[in-house]
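The values are calculated or read from the model by the stated rules, or taken from the named source; none is laboratory data. It should be emphasised that the depicted structure is a prediction, and the values quoted were computed from it without experimental measurement. So basically every Cβ, Gly included, is an ideal-geometry build from the backbone, and we count neighbours across all protein chains shown.
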Amino acid sequence: MAVGRGAEARRGACFRSRDGDDDLGMTGTATANVRRRRMENEEAPATARSSGGKRRRRGTDRFDTLPDELVLSILCKLAASAGRPSDFINVLLTCKRLKELGLSPQVLSTASAKTFAVKAKNWSNSADRFLKLCADSGNVEASYTLGMIHFYCLQNRRGGASLMAKAAIGSHARALYSLAVIQFNGSGRSKNDKDLRAGVTLCSRAAFRGHIDAMRELGHCLQDGYGVCQDVTRGRRLLVHANARELAAAVNAMISSRSWISSSWANDYRRHGARTGVTTEYPLLSDYGYNVPALEAHTVNRFMTEWFAARDGSPGPGLRLCSHGGCGRPETRRNEFRRCSVCGTVNYCSRACQALDWKLRHKEECVVVAAAGMGVEEGGAHGVENDDRAGDGDRQMMMVYS
Ligand SMILES: [Zn+2]
Ligand SMILES: [Zn+2]
């Protein structure tokens with residue numbers, strides 16, 4: 001590797017954070033290790049020169065003879081398959097050529113969500129710039145991730161929605177669904193700005209692309225006639241399809257990982273199960289008699305959860321987080337989210353989140369609360385009411401779970 005290029009790469013400012021360290025998921029120790037290795041490599045030839053008394057000719061650098069197309073192809077595969085940001089960033093920090101090729105639109109457009117899965121505690125302007133660079137390269141996943149972070153965490157509503165819309169135009173199912181949630185809730189605006197029809201349309205497009213939460217949301221909308229003409233049979237069919245797709249996705253994940261998927265909220269659920277003596281580890285898809293773990297939360301949902309956890313779990317005065325642990329969405333105004341009408345202790349950004357959390361966790365808690373203090377019969381219908389205090393017609397939106 002050309003030594004001079006290592007020195008030039010260090011002058012690059014692309015990944016600089018406030019303190020000068022790379023912070024896109026790289027720890028300070030990892031960064032220090034990379035720099036130490038580089039310094040050792042640079043010092044070695046100098047030592048050889050001084051001890052030998054003569055200038056030793058360096059060997060031919062075969063890396064320089066590789067065509068750009070081949071290096072780009074390798075970098076594209078790396079960006080698409082990296083397990084964490086440092087796997088990709090450390091390679092780019094190796095030399096100037098790798099950095100230049102690694103930051104080309106051809107490579108950045110293929111970067112996966114894990115490649116730019118920056119942790120909330122490491123968020124910085126440089127991470128923001130890197131994600132923007134990926135988004136500008138046509139990476140719809142990066143547009144969606146940056147859009148969610150700007151909209152919900154940085155409260156840049158217009159910029160965040162614009163980035164999500166850019167991803168949605170590229171048929172990104174998560175972006176379509178997230179925009180649907182924003183329309184259903186009137187997020188970032190007043191409660192009078194809810195657009196249920198727009199929400200249903202966006203939800204339909206996401207569901208058409210197989211997004212499970214969108215299918216579940218749309219199923220409940222059809223069952224309840226919420227933003228769409230009521231069609232209970234079609235709604236029920238969509239809910240069954242959502243469960244079937246979830247089962248297939250969970251089984252595929254189990255086969256590929258050969259282990260139970262773990263996440264912080266899933267671990268919370270396990271601890272909850274241990275406390276309550278519930279022997280079923282995951283009741284998800286219990287309709288089918290299967291016991292499979294919930295799918296791993298998306299990186300941006302984990303980011304939002306970590307972001308607000310670092311702020312005492314509060315998105316702002318009087319605002320609440322979605323009670324589904326794998327979501328992380330905050331309210332953008334008071335009483336925006338729907339509240340469980342049975343126990344009144346949990347709030348959800350969407351029907352999909354409530355339906356999932358009901359199966360994963362709340363079914364056990366809510367029954368206990370209801371039986372103890374509210375006189376609701378166990379196994380009865382479970383409701384959710386919109387918590388905006390406007391009496392705007394959707395205050396009682398009953399959901400019956402299988
Ligand atoms: Zn939610
Ligand atoms: Zn409840």
- Residue under evaluation P317, criteria (1) part of a loop (DSSP other than H, G, I, E, B); (2) more than 12 Å from ligand 1 (Cβ to nearest atom); (3) of a type outside the set (G, A, S); (4) touching a residue at least 12 places away in the same chain (Cβ under 8 Å), criterion not met: (4)
- Message: Looking at R129, R157, R84, can you tell me which residue is closer than 29 Å to G316 by Cβ and in contact with a Gly (Cβ under 8 Å, 6 or more places away or on another chain)?
- Response: R157
- Message: Quick check on L101: is it in a helix (DSSP H, G or I), at pLDDT 80 or above, touching a helix residue (DSSP H, G or I) at 6+ places or on another chain (Cβ under 8 Å) and over 23 Å from T299 (Cβ atoms)?
- Response: yes
- Message: Residues that are loosely packed, with under 15 Cβ neighbours inside 10 Å, at least 2 per element: which helices (runs of 4 or more DSSP H) completely within region 143-254 meet that?
- Response: 157-169, 196-208
- Item | Where a residue in region 115-133 is more than 23 Å from L75 (Cβ to Cβ) and its partner, wherever it lies, is hydrophobic (A, V, I, L, M, F, W, C), with Cβ under 6 Å and at least six apart | A120/F303; A120/W307
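Within region 334-369, how many residues are more than 16 Å from ligand 1 (Cβ to nearest atom), assigned to a loop (DSSP other than H, G, I, E, B) and not small (G, A, S)?
The initial filter retains those residues of region 334-369 that are more than 16 Å from ligand 1 (Cβ to nearest atom), namely 334, 341-344, 363-369.
Add one more test, that the residue is assigned to a loop (DSSP other than H, G, I, E, B), and what stays is 334, 341-344.
Still in the list and also not small (G, A, S): 334, 342-343.
Looking only at that region, the number is 3.
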- Item | Conditions (1) crowded, with 20+ Cβ neighbours inside 10 Å; (2) near ligand 2 (Cβ under 10 Å from one of its atoms); (3) under 22 Å from N243 (Cα atoms); number of the one not met by V342 | (3)
- Query: Which pairs have Cβ atoms under 8 Å, sit 6 or more apart or on different chains, and link a residue in region 338-359 that is modelled with pLDDT of 90 or more to one that is among the β-branched types (V, I, T) and near ligand 1 (Cβ under 10 Å from one of its atoms)?
  - Reply: C349/V181; S350/V181
